[in-house]
Amino acid sequence: MSLNMPSPLNQTTLAKALGPHSFLKRIEVFETIDSTNSHAKRLLADRSRKPSLIIAEEQTQGRGRFGKTWQTEKGKNLMFSLLVSPKIPRQNFGLLPLLTSLGVVKTVESTTKINVITKWPNDLLINDKKICGILLETVSSHPGWVVIGIGLNVNQTEFPSDLHATSLALETGKQIDRTKLLSSIIHHLEWLYRSQSPDQFRSMLAEWKSRCTMLNKTIQLQSDDGVITGLATGIADDGGLHLLVEGEAKKLYAGDVTVVEAGGS
Ligand code: BTN
(Lines give C-alpha, C1' and ligand atoms only; values in the text may rest on other atoms or scores of the structure.)
Protein backbone atom coordinates (compact mmCIF):
# COMPACT_ATOMS: atom_id res chain seq x y z
CA MET A 1 0.00 0.00 0.00
CA SER A 2 1.41 3.42 -0.84
CA LEU A 3 0.16 6.73 0.55
CA ASN A 4 1.26 10.33 0.05
CA MET A 5 3.74 11.78 2.52
CA PRO A 6 1.70 13.17 5.47
CA SER A 7 1.94 16.91 6.19
CA PRO A 8 4.70 17.69 8.66
CA LEU A 9 3.87 18.36 12.29
CA ASN A 10 3.98 22.00 13.16
CA GLN A 11 4.12 23.86 16.48
CA THR A 12 1.52 26.51 15.57
CA THR A 13 -1.03 24.03 14.23
CA LEU A 14 -0.54 21.76 17.22
CA ALA A 15 -0.93 24.63 19.71
CA LYS A 16 -4.12 25.67 17.92
CA ALA A 17 -5.49 22.12 17.95
CA LEU A 18 -4.80 21.76 21.68
CA GLY A 19 -6.44 25.10 22.44
CA PRO A 20 -5.50 27.86 24.89
CA HIS A 21 -6.66 25.95 27.98
CA SER A 22 -4.62 22.82 27.50
CA PHE A 23 -2.81 21.49 30.58
CA LEU A 24 0.35 21.48 28.43
CA LYS A 25 2.18 24.78 28.76
CA ARG A 26 5.05 24.16 26.34
CA ILE A 27 5.16 22.42 22.95
CA GLU A 28 8.44 21.59 21.23
CA VAL A 29 8.47 20.04 17.76
CA PHE A 30 11.70 18.55 16.34
CA GLU A 31 12.45 17.26 12.91
CA THR A 32 15.13 14.99 14.37
CA ILE A 33 16.04 14.32 17.98
CA ASP A 34 17.82 11.54 19.87
CA SER A 35 14.74 10.57 21.90
CA THR A 36 11.77 12.68 22.96
CA ASN A 37 11.88 10.92 26.36
CA SER A 38 15.56 11.80 26.80
CA HIS A 39 14.80 15.41 25.87
CA ALA A 40 11.88 15.55 28.33
CA LYS A 41 14.22 14.30 31.06
CA ARG A 42 16.72 17.04 30.15
CA LEU A 43 13.92 19.63 30.42
CA LEU A 44 13.22 18.41 33.95
CA ALA A 45 16.47 20.00 35.04
CA ASP A 46 15.15 23.45 33.97
CA ARG A 47 14.16 25.76 36.78
CA SER A 48 11.12 26.74 34.74
CA ARG A 49 9.91 23.18 34.37
CA LYS A 50 6.30 23.01 33.24
CA PRO A 51 3.95 20.45 31.71
CA SER A 52 5.31 19.94 28.20
CA LEU A 53 4.79 18.09 24.94
CA ILE A 54 7.88 17.11 22.98
CA ILE A 55 7.29 15.58 19.59
CA ALA A 56 9.63 14.55 16.78
CA GLU A 57 9.36 13.42 13.18
CA GLU A 58 12.40 11.20 13.69
CA GLN A 59 14.34 9.78 16.63
CA THR A 60 17.92 8.62 16.24
CA GLN A 61 17.97 6.85 19.62
CA GLY A 62 14.31 6.11 20.26
CA ARG A 63 13.97 3.91 23.31
CA GLY A 64 11.53 1.13 24.17
CA ARG A 65 10.96 -0.79 27.37
CA PHE A 66 13.66 -3.09 28.76
CA GLY A 67 16.49 -1.53 26.75
CA LYS A 68 14.85 -2.17 23.38
CA THR A 69 15.02 0.41 20.60
CA TRP A 70 12.03 2.15 19.00
CA GLN A 71 12.66 2.91 15.36
CA THR A 72 10.06 4.02 12.88
CA GLU A 73 10.00 5.77 9.51
CA LYS A 74 10.56 9.52 9.56
CA GLY A 75 7.52 11.78 9.25
CA LYS A 76 4.83 9.10 9.32
CA ASN A 77 3.95 8.28 12.91
CA LEU A 78 3.49 9.86 16.30
CA MET A 79 6.48 9.80 18.62
CA PHE A 80 6.08 12.10 21.55
CA SER A 81 6.65 12.55 25.25
CA LEU A 82 4.64 14.34 27.87
CA LEU A 83 6.52 15.81 30.79
CA VAL A 84 3.90 16.00 33.50
CA SER A 85 3.34 16.18 37.21
CA PRO A 86 0.08 14.21 37.40
CA LYS A 87 -2.57 15.25 39.85
CA ILE A 88 -3.17 11.71 40.96
CA PRO A 89 -2.75 10.24 44.42
CA ARG A 90 0.51 8.38 45.01
CA GLN A 91 -1.35 5.11 45.56
CA ASN A 92 -2.75 5.38 42.03
CA PHE A 93 0.62 5.96 40.33
CA GLY A 94 0.76 2.27 39.31
CA LEU A 95 -2.29 2.90 37.14
CA LEU A 96 -0.47 5.46 34.97
CA PRO A 97 0.67 2.97 32.29
CA LEU A 98 -2.79 1.43 31.94
CA LEU A 99 -4.72 4.69 32.00
CA THR A 100 -2.34 6.30 29.52
CA SER A 101 -2.84 3.43 27.10
CA LEU A 102 -6.62 3.80 27.58
CA GLY A 103 -6.36 7.41 26.32
CA VAL A 104 -4.75 6.13 23.13
CA VAL A 105 -7.29 3.29 22.81
CA LYS A 106 -10.21 5.71 22.99
CA THR A 107 -8.70 7.97 20.34
CA VAL A 108 -7.87 5.09 17.99
CA GLU A 109 -11.30 3.49 18.42
CA SER A 110 -13.19 6.72 17.83
CA THR A 111 -11.02 7.66 14.83
CA THR A 112 -10.98 4.28 13.09
CA LYS A 113 -13.91 2.28 14.58
CA ILE A 114 -11.45 -0.61 15.00
CA ASN A 115 -11.28 -2.52 18.29
CA VAL A 116 -8.01 -2.26 20.14
CA ILE A 117 -6.69 -4.91 22.54
CA THR A 118 -4.82 -3.85 25.69
CA LYS A 119 -1.87 -5.90 26.90
CA TRP A 120 -0.58 -5.32 30.42
CA PRO A 121 0.88 -2.98 31.32
CA ASN A 122 0.61 -0.63 28.35
CA ASP A 123 0.92 -2.25 24.92
CA LEU A 124 -1.84 -1.84 22.37
CA LEU A 125 -2.59 -4.38 19.67
CA ILE A 126 -4.81 -4.55 16.62
CA ASN A 127 -5.29 -8.01 15.10
CA ASP A 128 -2.53 -9.34 17.36
CA LYS A 129 -0.01 -6.82 16.05
CA LYS A 130 1.52 -3.97 18.02
CA ILE A 131 0.21 -0.51 17.18
CA CYS A 132 1.49 1.49 20.13
CA GLY A 133 4.21 1.30 22.77
CA ILE A 134 4.49 3.42 25.89
CA LEU A 135 7.58 4.11 27.97
CA LEU A 136 7.11 5.78 31.35
CA GLU A 137 10.16 7.14 33.09
CA THR A 138 10.82 9.01 36.31
CA VAL A 139 13.90 10.76 37.62
CA SER A 140 14.57 10.28 41.33
CA SER A 141 15.69 13.91 41.81
CA HIS A 142 12.26 15.16 40.64
CA PRO A 143 9.64 13.15 42.51
CA GLY A 144 6.09 13.67 41.28
CA TRP A 145 7.18 14.32 37.70
CA VAL A 146 6.92 11.65 35.05
CA VAL A 147 7.87 11.35 31.40
CA ILE A 148 5.24 9.53 29.36
CA GLY A 149 6.66 8.50 25.99
CA ILE A 150 4.22 7.29 23.36
CA GLY A 151 5.00 5.75 19.99
CA LEU A 152 1.92 5.21 17.83
CA ASN A 153 2.20 3.73 14.34
CA VAL A 154 0.01 5.94 12.20
CA ASN A 155 0.87 6.22 8.49
CA GLN A 156 3.78 3.83 8.08
CA THR A 157 2.80 0.97 5.78
CA GLU A 158 5.83 -1.33 5.90
CA PHE A 159 7.36 -2.97 8.96
CA PRO A 160 10.01 -5.65 9.36
CA SER A 161 8.04 -8.91 9.87
CA ASP A 162 9.85 -9.78 13.12
CA LEU A 163 8.37 -6.66 14.75
CA HIS A 164 4.79 -8.01 14.49
CA ALA A 165 3.66 -4.40 14.08
CA THR A 166 0.87 -2.65 12.24
CA SER A 167 -0.34 0.92 11.75
CA LEU A 168 -3.63 2.75 11.57
CA ALA A 169 -3.11 3.31 7.84
CA LEU A 170 -2.55 -0.40 7.25
CA GLU A 171 -5.64 -1.30 9.25
CA THR A 172 -7.93 1.29 7.68
CA GLY A 173 -6.42 1.72 4.21
CA LYS A 174 -6.42 5.48 4.78
CA GLN A 175 -3.93 8.16 5.71
CA ILE A 176 -4.69 9.58 9.15
CA ASP A 177 -4.30 13.22 10.24
CA ARG A 178 -1.63 13.11 12.96
CA THR A 179 -2.45 16.51 14.47
CA LYS A 180 -6.09 15.57 15.07
CA LEU A 181 -5.05 12.22 16.46
CA LEU A 182 -2.54 13.77 18.85
CA SER A 183 -4.93 16.43 20.14
CA SER A 184 -7.54 13.73 20.77
CA ILE A 185 -5.02 11.63 22.75
CA ILE A 186 -4.06 14.68 24.83
CA HIS A 187 -7.73 15.41 25.40
CA HIS A 188 -8.21 11.83 26.66
CA LEU A 189 -5.29 12.31 29.05
CA GLU A 190 -6.70 15.40 30.73
CA TRP A 191 -7.38 13.36 33.86
CA LEU A 192 -3.63 13.79 34.51
CA TYR A 193 -4.42 17.32 35.69
CA ARG A 194 -8.00 16.98 36.91
CA SER A 195 -8.86 15.55 40.31
CA GLN A 196 -10.40 12.12 39.93
CA SER A 197 -12.40 10.21 42.51
CA PRO A 198 -11.47 6.59 43.33
CA ASP A 199 -14.67 5.61 41.48
CA GLN A 200 -13.49 7.36 38.32
CA PHE A 201 -10.18 5.51 38.46
CA ARG A 202 -12.04 2.23 38.98
CA SER A 203 -14.29 2.84 36.01
CA MET A 204 -11.31 3.72 33.75
CA LEU A 205 -9.59 0.54 34.90
CA ALA A 206 -12.75 -1.43 34.06
CA GLU A 207 -12.69 0.07 30.55
CA TRP A 208 -9.05 -0.96 30.15
CA LYS A 209 -9.82 -4.51 31.40
CA SER A 210 -12.77 -4.89 29.03
CA ARG A 211 -10.27 -4.75 26.14
CA CYS A 212 -7.68 -7.04 27.70
CA THR A 213 -7.61 -10.58 26.30
CA MET A 214 -4.60 -12.01 28.16
CA LEU A 215 -6.43 -12.68 31.42
CA ASN A 216 -7.06 -16.32 32.34
CA LYS A 217 -4.29 -17.32 29.99
CA THR A 218 -0.85 -18.73 30.70
CA ILE A 219 1.70 -16.05 30.09
CA GLN A 220 5.43 -15.58 30.20
CA LEU A 221 6.62 -12.44 31.91
CA GLN A 222 10.08 -11.16 31.18
CA SER A 223 11.50 -8.57 33.53
CA ASP A 224 14.84 -7.42 34.89
CA ASP A 225 14.55 -10.34 37.36
CA GLY A 226 14.29 -12.99 34.61
CA VAL A 227 11.40 -14.91 33.06
CA ILE A 228 8.47 -16.40 34.93
CA THR A 229 5.53 -18.36 33.61
CA GLY A 230 2.12 -18.34 35.24
CA LEU A 231 -1.60 -17.87 34.87
CA ALA A 232 -2.66 -14.21 34.57
CA THR A 233 -5.61 -14.11 36.96
CA GLY A 234 -6.44 -10.41 37.06
CA ILE A 235 -5.44 -6.78 37.37
CA ALA A 236 -5.35 -5.22 40.84
CA ASP A 237 -6.90 -1.82 41.62
CA ASP A 238 -3.37 -0.40 41.87
CA GLY A 239 -2.48 -1.57 38.34
CA GLY A 240 -0.45 -4.66 39.37
CA LEU A 241 -0.81 -7.97 37.51
CA HIS A 242 -2.03 -10.96 39.52
CA LEU A 243 -0.14 -14.04 38.46
CA LEU A 244 -0.46 -17.60 39.74
CA VAL A 245 2.97 -19.23 39.57
CA GLU A 246 3.11 -22.93 40.56
CA GLY A 247 0.20 -22.43 42.94
CA GLU A 248 1.62 -19.26 44.49
CA ALA A 249 -0.21 -15.93 43.98
CA LYS A 250 2.08 -13.07 43.00
CA LYS A 251 1.50 -9.43 42.13
CA LEU A 252 3.85 -7.84 39.60
CA TYR A 253 4.34 -4.27 38.51
CA ALA A 254 6.61 -4.48 35.46
CA GLY A 255 7.43 -6.89 32.68
CA ASP A 256 7.02 -7.81 29.06
CA VAL A 257 4.19 -10.28 28.55
CA THR A 258 3.91 -13.05 25.95
CA VAL A 259 0.78 -15.19 25.93
CA VAL A 260 1.91 -18.81 25.69
CA GLU A 261 -1.32 -20.74 26.10
CA ALA A 262 -5.03 -19.98 26.03
CA GLY A 263 -6.33 -20.99 29.46
CA GLY A 264 -4.64 -22.22 32.64
CA SER A 265 -2.78 -25.51 32.91
C1 BTN B 1 7.83 -0.06 24.07
O2 BTN B 1 6.81 -0.61 23.64
O3 BTN B 1 8.87 -0.72 24.28
C4 BTN B 1 7.77 1.40 24.38
C5 BTN B 1 8.09 2.25 23.19
C6 BTN B 1 8.02 3.75 23.46
C7 BTN B 1 8.46 4.56 22.27
C8 BTN B 1 8.25 6.03 22.48
S9 BTN B 1 8.46 6.94 20.99
C10 BTN B 1 8.43 8.44 21.87
C11 BTN B 1 9.18 8.22 23.17
N12 BTN B 1 10.59 8.47 23.03
C13 BTN B 1 11.33 7.36 23.16
O14 BTN B 1 12.57 7.31 23.05
N15 BTN B 1 10.53 6.32 23.41
C16 BTN B 1 9.15 6.72 23.50
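The values are calculated or read from the model by the stated rules, or taken from the named source; none is laboratory data. Quick caveat: nothing in here was measured; it's all calculated off a predicted structure. When we count neighbours, we look across all protein chains shown, and the Cβ atoms used for this are built from the backbone with ideal geometry, even at glycine. Protein only, heavy atoms only, side chains kept; ligands, DNA and RNA dropped before computing areas. Shrake-Rupley method; radii C 1.70, N 1.55, O 1.52, S 1.80 Å.
At a glance:
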item	result
Global geometry of the stretch 1-148, whether rounded, prolate or oblate, following the gyration tensor of its Cα atoms and the 1.5 cut on a/c	rounded
Backbone HN-Hα couplings from phi across the stretch 45-62 [Karplus 6.51/-1.76/1.60, Hz, Gly and Pro as x]	6, 4, 4, 8, 5, 8, x, 9, 10, 10, 9, 9, 7, 8, 10, 8, 9, x
Entries of K130/K251; K68/K113; K68/K251; K25/K68; K16/K130; K16/K50 with Cα pairs more than 21 Å apart	K130/K251; K68/K113; K68/K251; K25/K68; K16/K130
GNM top mover of L83, L163, L99 - the chain, alpha-carbon springs below 10 Å	L163
Helix-only [θ]222 nm of the chain, DSSP H runs n ≥ 4, -39500 (n - 2.57) each, per residue, nearest 500	-7000 deg cm²/dmol
Stretch gain in nm, segment T233-T60, where the contour uses 0.36 nm per residue and the Cα spacing is subtracted	58.4 nm
Restraint check, K74/K106; K119/K174; K41/K180; K41/K174; K76/K106; K74/K250, Cα-Cα greater than 31 Å	K41/K174; K74/K250
Dipole in debye (nearest 20) - the stretch 207-250, about Cα centre, beta carbon charges: Lys, Arg +1; Asp, Glu -1	280
Accessible area per residue in Å² at 1.4 Å probe, computed on the stretch 1-88	52
Charge dipole (debye, nearest 20) of the stretch 71-230; +1 at Cβ of Lys and Arg, -1 at Cβ of Asp and Glu	420
R49/K250 FRET efficiency (R0 41 Å; Cβ-Cβ; nearest 0.05)	0.65
Nearest-20 debye value, the stretch 144-265 charge dipole, Cβ charges on Lys, Arg, Asp, Glu	440
Percent RCO, i.e. relative contact order, over the chain, from Cα pairs under 8 Å lying at least 6 residues apart	18
